[in-house]
1. I need the semi-axes of the equivalent ellipsoid of the stretch B:270-318: take the C-alpha gyration tensor, multiply each eigenvalue by 5, square-root it, list largest first in whole angstrom.
2. Towards the positive end of the charge dipole of the stretch B:1-143, with charges on Cβ (+1 Lys, Arg; -1 Asp, Glu), say which of B:41, B:68, B:120 has the farthest Cα.
3. Around residue B:230, under 10 Å between beta carbons, what's the net of Lys plus Arg minus Asp minus Glu among the other residues?
4. If amide H atoms are built 1.01 Å from N in the plane of the peptide, which residues on other chains or at least 5 residues away come under 5 Å of the amide H of residue A:392?
5. Rounding to the nearest 20 debye, state how big the charge dipole of the protein assembly as shown is about its Cα centre with +1 on each Lys and Arg Cβ and -1 on each Asp and Glu Cβ.
6. Could you tell me how far the Cα centroid of the stretch A:1-34 sits from the Cα centroid of the stretch B:133-160, in Å?
7. Evaluate the distance, in nm, between pseudo-label points positioned 7 Å from the Cα of residue A:12 and of residue A:50 along their respective Cα→Cβ axes.
8. For residue B:371, what charge total do you get from the other residues with a beta carbon under 10 Å from its beta carbon, if Lys and Arg give +1 and Asp and Glu give -1?
Number of protein chains: 2
Amino acid sequence: MIRINENYRKLKASYLFSEISKRVDEFQAGNPDKQIIRLGIGDVTLPLPEVCLKAFHEAVDEMADEKTFKGYGPNQGYAFLREKIAEWDFRKRGADINADEIFVSDGAKCDSANLQEIFATKKLRIAVPDPVYPVYVDTNVMAGRTGPNVDGRYEGLIYLECTGDNKFIPSTPRKRADLIYLCFPNNPTGATITKRQLKKWVDYAIRHKSLIIFDAAYEAFIRNPKLPHSIYEIPGAREVAIEVRSFSKTAGFTGTRCAYTVVPTTCRAYDSEKNEVNLHSLWGRRQNTKFNGVSYPVQKAASAIYSELGQKQVKTMNDYYLRNATLILKEMTGLGFQCTGGTNAPYIWVNGNTDSWEFFNLLLKKAGVVVTPGAGFGKCGEGYIRISAFNNYESVQLAMKKIVDALRMD
Amino acid sequence: MIRINENYRKLKASYLFSEISKRVDEFQAGNPDKQIIRLGIGDVTLPLPEVCLKAFHEAVDEMADEKTFKGYGPNQGYAFLREKIAEWDFRKRGADINADEIFVSDGAKCDSANLQEIFATKKLRIAVPDPVYPVYVDTNVMAGRTGPNVDGRYEGLIYLECTGDNKFIPSTPRKRADLIYLCFPNNPTGATITKRQLKKWVDYAIRHKSLIIFDAAYEAFIRNPKLPHSIYEIPGAREVAIEVRSFSKTAGFTGTRCAYTVVPTTCRAYDSEKNEVNLHSLWGRRQNTKFNGVSYPVQKAASAIYSELGQKQVKTMNDYYLRNATLILKEMTGLGFQCTGGTNAPYIWVNGNTDSWEFFNLLLKKAGVVVTPGAGFGKCGEGYIRISAFNNYESVQLAMKKIVDALRMD
């Protein structure tokens, strides 16, 4: 008899963004004339940078000629892309990362979902932020590393509470955590971490022989020169951290699909006899067995951002979204709400001081604006909403005007 | 302490194609003037079909304009592609498959690797062919479903022996198998299965409440109108089979990356209390949590093969490789070797009646031709080599001339 993986049964049935869609669709059906502006899901709206488009077309042309045609590429990604990433994203910032430590993939979601596979399923103590990007949690539930969900939390996980009290930067836990997920600039709170704060985590991981999965998918929005873009700017991180990056937000690749993960050759874990094991070769084996590389034209398009012109175009694109963020932050603060994020991050985390879904409903019904209820990201998200800066400026202006009108009327 | 998944330790260290590369590189280094022709790895060489190139460019152009730009697409794949697949690959052949039963992905390797995740890890009896595409085996080893590798076989797996005696079509096992991997046209043997033979497997799966993962990555090479292209041409298969397909060989997409998996809405498995569970929603949940869809321009390029013109171009492309296969089959048979495959399949499985790696070395050193040693695919591959028809015709002609000269000299 073919039996299922019953860990899936532990997952909470409704996925956050499906529930949002459902509510929006119902409202639109009842109010067909009402304009709806979406500041919910974090999806980019601007076209691909010109450098990427040019490289994309050229690579498609290469696929038209037997002499330049590309079949299977290296599973780890082409060297032309990995070398540029190492140079521009790391060494230019003083982070010592080499091309052979980079694994190109089709998404930061996939990588942050798959990385847990190379670790033990039993007796591993896993720490996740709360509020959290649900993928970190759900993939560990599916792999059987948790108990059931009781009252909104899975038994066996360590929840790192991110609240107004700690300015959404979690403290290292008193309990020992073996595998730690961190994300900065944070989704959903938009909080950023300083080098000093991040160093505490690296030191913790060294002390406890833990491993950090550092999700830096939103690093392109950092403008404060003092903030770290990579965990490898912190001494000692090469031994204790894996970093996940993406072209999705950096270069508008949510529909084009390219990302990468850094596993330094010095990064270690342990076997049951406490011997050190090299994680670079373990992840390499995982990828070689289960993945066949990213589309060649997509890798060419991604690599085009690594030039003076490419960097300029990417910065212009992200500055556009940051202008949206600034406007949202200003208006929500003006309405008297306590807000986090919105600078160095494309998300604004708003303390509504009320039930998240009620606030969601209010903004949908009175202003026609879709946001994301904070409760969908975890217990500590209750009372908050996340507003995304990914939309065009005119729509954001209009959305903020409608929110201001609706809440002033109240 | 962060501990590794120790199941990885059970994996045999050397990966087949790495070992081949190593030997070829060593030989080339010692014989820099010797021309080497590669008929080893199954990688396409012809450019993408013109219809695909045109659609690919057009889709990249859409990414240049805010009005037509595509961000996150549906994780399951765009409807425009899934509807065409259902119509052209299934309903036109009398197989009752709908668009919502198709999950577009970036590779048949990924899908055949990931599907095991939705099944139990304990007490599941898994049957794999021998010789076998290593991904089926290695991913189950990594997930902890086997014991150690003893004498070339993993304890706990059921090996379905494919030999000259059964013409490389395995019989249903006497022992109960819960999860069964089948691949036709077969990699590596090139053997094809008839409807009658496949019906035995479907009936077995119905009788034993088993599930079949049917890998049809090479279906585009079938020319005999009586052979099934899909397992869904067999009555009852919708309840007991998942099918994996790819554009890699069909349309030359090994470097472009697009594939799909079919999970019928009627396909079932069981929980530990023997209740039926719907696999379509289970796989959907897996993909929604761990995958973010395939690049939009790539999906557009793939969908272009589904037109009269597209089908014609794809057929011309695959006929080209089949002409190579015919030549290889003719020459190897002419040398007195017993061969399988080479018709309705791009691989020729040659009984060398000698150690696989010795035969590999002989062909490399005497003829300068790279093939794949059958032993790399499992115990039953010992004594065989796989010759791939993926190369240009002139190279295949030259390779066969060199092999004929080398073996006649012997």
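Derivation of every value follows stated rules applied to the coordinates shown; laboratory data play no part. Computed from a predicted model, the values in this text were never measured in an experiment. A quick note on method: Cβ atoms are made from the backbone with ideal geometry, for glycine too, and the neighbour counts reach across all protein chains shown.
1. Details: eigenvalues 262, 52, 11 Å².
Equivalent-ellipsoid dimensions as semi-axes: 36, 16, 7 Å.
2. Going by the Cα projections, it comes out as B:120.
3. Numbers: positive: B:93, B:245; negative: B:89, B:219, B:233, B:243.
Residues near residue B:230 contribute -2 overall.
4. Long-range HN contacts for residue A:392: none found.
5. Working: 110 positive and 92 negative charges, 282 e Å.
Charge dipole of the protein assembly as shown: 1360 debye, to the nearest 20.
6. Taking the Cα centre of the stretch A:1-34 as reference, the centre of the stretch B:133-160 is 37 Å away.
7. The answer from the label model is 4.6 nm.
8. Numbers: positive: B:38, B:386; negative: none.
Here the count lands on +2.
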